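Peer 1: I'd like to ask you about the structure that follows.
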Amino acid sequence: MTAIAIALRSVSRRHGSGDSAVTALDDVSLAFPKGTFTAVMGRSGSGKSTLLQCAAGLDRPTSGSVLLGGTELTGLSEKNLTLLRRQRIGFVFQAFNLLPSLTAEQNVALPLRLAGRRPPRAHVREVLDRVGLADRARHRPSRLSGGQQQRVALARALVTRPEVLFADEPTGALDTRTSRTVLTLLRAMADDEGRTIVMVTHDPVAASCADRVVFLVDGRVDGELTGAKADDIATRMTGPEVLPC
Ligand SMILES: Nc1ncnc2c1ncn2[C@@H]1O[C@H](COP(=O)(O)OP(=O)(O)OP(=O)(O)O)[C@@H](O)[C@H]1O
Ligand SMILES: [Mg+2]
């Protein structure tokens, strides 16, 4: 039996109260087996980022529980949750969240510094090289393109060699070719290194690189596809209606 890396059990996340209350996640139960690559899709506002942030212990569910291996995240103190995240989880934010005053390599080294580890420069450079940015190590984010910043954010999430990597639209700012490089890297992390990858995407081609695609509608799981091709995923996403242009 395959071990489960991350499990969500009846997770709901509500924001606000009364008339302005929003249910971002509504009773979501999902399991992500170790060494698998899952894509999460759904319309804007369907709860994808909230799902990732709750699963990664960056946001706390209103109800339900999240388990990383055997550890229930929902029961941990802030301090222990932070330590566990640093040691075992990588996260690529939809908005990158790079520190503007640090160079690319300093941004990538940051998680190691925060964990009290001395970042070996060769390792930091190697990770930047894996995302195709070896020649941009000394640039600050303001001197990088959107796609380059996105890849620095990915390198920063990889530098600690996390067991589980959550990536929120990690190819959203990339051209087809660079996107392929990143997807090949994510695929290899699952296949060769046994890491668990959960990736939000709007792109059926990117999603087809995953083992499984989970669809969200209004904060609820609305089915999944396993081993699907891009065309099938696109059809599932858009439904039968014809696009206006
Ligand atoms: N802090 C918050 N306060 C109130 N509502 C929120 C908050 N964060 C998210 N929401 C709401 O929760 C819902 C889900 O948001 P979420 O960011 O998870 O969507 P998403 O699927 O990632 O969308 P996108 O594809 O646009 O990134 C949305 O309706 C959003 O407005
Ligand atoms: Mg989002």
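The values are calculated or read from the model by the stated rules, or taken from the named source; none is laboratory data. Computed from a predicted structure; not experimentally measured. Cβ sites come from the backbone with ideal geometry, for glycine too, and all protein chains shown count toward neighbours.
Peer 1: From the list 190, 137, 157, 153, pick out the single residue that is within 16 Å of ligand 1 (Cβ to nearest atom) and either of a type in the set (A, V, I, L, M) or surrounded by fewer than 19 Cβ atoms within 10 Å (Cβ to Cβ) (or both). Step through it out loud before you land on a result.
Peer 2: Details: 190 fails: within 16 Å of ligand 1 (Cβ to nearest atom); 137 fails: within 16 Å of ligand 1 (Cβ to nearest atom); 157 fails: within 16 Å of ligand 1 (Cβ to nearest atom).
Only one candidate passes the filter, namely 153.
Peer 1: Can you say whether residue 196 is of a type in the set (S, T, N, Q), crowded, with 22+ Cβ neighbours inside 10 Å and within 16 Å of ligand 2 (Cβ to nearest atom), as far as the supplied structure shows?
Peer 2: Working: of a type in the set (S, T, N, Q): yes; crowded, with 22+ Cβ neighbours inside 10 Å: yes; within 16 Å of ligand 2 (Cβ to nearest atom): no.
No, not satisfied.
Peer 1: Name the residue that is nearest to ligand 2 (Cβ to nearest atom), counting only residues in the stretch 14-32 that are under 18 Å from the mean Cα position of the chain (by Cα) and over 18 Å from residue 225 (Cα atoms).
Peer 2: Step one: list which residues in the stretch 14-32 are under 18 Å from the mean Cα position of the chain (by Cα), which gives 24-25, 28-32.
Checking the rest, the ones that are also over 18 Å from residue 225 (Cα atoms) come to 24-25.
Details: 24: 10, 25: 12 Å.
Among those residues, the one meeting the criterion is 24.
Peer 1: Of all residues in the stretch 22-46, count the ones that are within 13 Å of ligand 1 (Cβ to nearest atom) and closer than 15 Å to residue 63 by Cα.
Peer 2: Of the residues in the stretch 22-46, 6 are within 13 Å of ligand 1 (Cβ to nearest atom) and closer than 15 Å to residue 63 by Cα.
Peer 1: Could we say that residue 116 is on the phi > 0 side of the Ramachandran plot and modelled with pLDDT under 95 here?
Peer 2: Details: on the phi > 0 side of the Ramachandran plot: yes; modelled with pLDDT under 95: yes.
Yes, satisfied.
Peer 1: Tell me, which residue of the stretch 162-187 that is touching a Phe, Trp or Tyr at 6+ places or on another chain (Cβ under 8 Å) and assigned to a helix (DSSP H, G or I) is surrounded by the most Cβ atoms within 10 Å (Cβ to Cβ)?
Peer 2: Per the criteria, the residue is 186.
Peer 1: Which residue out of 28, 11 is under 18 Å from residue 72 (Cβ atoms), at pLDDT 95 or above, in contact with a helix residue (DSSP H, G or I) (Cβ under 6 Å, 6 or more places away or on another chain) and not small (Gly, Ala, Ser)?
Peer 2: Details: 28 fails: in contact with a helix residue (DSSP H, G or I) (Cβ under 6 Å, 6 or more places away or on another chain).
Answer to the check: 11.
Peer 1: List the pairs whose first member sits in the stretch 212-225 and is more than 17 Å from residue 21 (Cα to Cα) and modelled with pLDDT under 95, whose second member is of a type outside the set (D, E, K, R) and not in a strand (DSSP E or B), and whose Cβ atoms are under 6 Å apart, counting only residues at least 6 apart or on separate chains?
Peer 2: Within 6 Å, no pair qualifies.
Peer 1: Of all strands (runs of 3 or more DSSP E) completely enclosed by the stretch 33-151, which ones contain at least 1 residues that are within 30 Å of residue 224 (Cβ to Cβ), of a type in the set (A, V, I, L, M) and within 16 Å of ligand 2 (Cβ to nearest atom)?
Peer 2: The strands (runs of 3 or more DSSP E) meeting that bar are 37-41, 89-92.
Peer 1: So, one more: Identify, please: which residue in the stretch 202-231 is within 19 Å of the chain's Cα centre (by Cα) and part of a loop (DSSP other than H, G, I, E, B) and is, among those, surrounded by the fewest Cβ atoms within 10 Å (Cβ to Cβ)?
Peer 2: Going through the qualifying residues, I end up with 202.
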